[in-house]
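**Student:** So that we are looking at the same thing, I have put the structure below in structure tokens.
The values are calculated or read from the model by the stated rules, or taken from the named source; none is laboratory data. Remember, it's a predicted structure, so these values are computed and weren't measured experimentally. Note that each Cβ is placed from the backbone with ideal geometry, even for glycine, and that neighbours are counted across all protein chains shown.
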Amino acid sequence: MKKFIERLFGIDKIRAEAERSIVIAAEAAEAAKTASAAAERAAEAEAQAKLSPKERATRKKEPWIGVLETHVNKDNVRNGFFELDWNDLFVLKLKQEGYGEDGDKDEEIVDRWFRELCANVVVDGDFGGPVNTGLIDIKTVKKDNL
């Protein structure tokens, strides 16, 4: 009887249309949520693109150091210096690695690390000058080849 009355007055069609509207509204809400999330990601990507490498690393809570500029003396190319920049997390990492203690200036801590790094480059790269590798006895080599 209830269904007959609903069909008679068109209530069943109204109910079906209302249910379709609810489904459409839910789909629209989901699409809006997805679009909003995509817009937020795009805004974050744009903000990240505007950040310097130092700011990006700091935001990610990662240690960072970079060479801003290399200065070379025009009159004597053997003299020069590097202009470095770093974040606080890099200094903290250096302290943890034994390059400094609380109370030391950040510049001193970074300088200790950089000096050791440069010294290691010299040693590893054999830039310390000629290395005595011993002598080759040419006479013996010639005798063996004859």
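**Student:** If I filter segment 64-85 down to residues being closer than 14 Å to Phe114 by Cβ and in contact with a Leu (Cβ under 9 Å, 6 or more places away or on another chain), which single residue comes out as surrounded by the most Cβ atoms within 10 Å (Cβ to Cβ)?
**Tutor:** To start, the set of residues in segment 64-85 that are closer than 14 Å to Phe114 by Cβ comprises 65-68, 70, 80-85.
Narrowing the set further to residues that are in contact with a Leu (Cβ under 9 Å, 6 or more places away or on another chain) leaves 65-68, 82-85.
Details: Ile65: 18, Gly66: 14, Val67: 9, Leu68: 9, Phe82: 11, Glu83: 10, Leu84: 16, Asp85: 15.
The selected residue is Ile65.
**Student:** Follow-up. Yes or no: Gly103 modelled with pLDDT under 85 and exposed (fewer than 10 other Cβ atoms within 10 Å of the Cβ)?
**Tutor:** On the way: modelled with pLDDT under 85: no; exposed (fewer than 10 other Cβ atoms within 10 Å of the Cβ): yes.
So Gly103 fails the test.
**Student:** Sticking with this one: Hey, can you tell me all the residues within segment 31-81 that are touching a residue at least 24 places away in the same chain (Cβ under 8 Å) and of a type in the set (A, V, I, L, M, F, W, C)?
**Tutor:** As a first pass, look at segment 31-81 and keep what is touching a residue at least 24 places away in the same chain (Cβ under 8 Å): 54, 57-58, 61-65.
Within segment 31-81, Ala57, Trp64, Ile65 meet the criteria.
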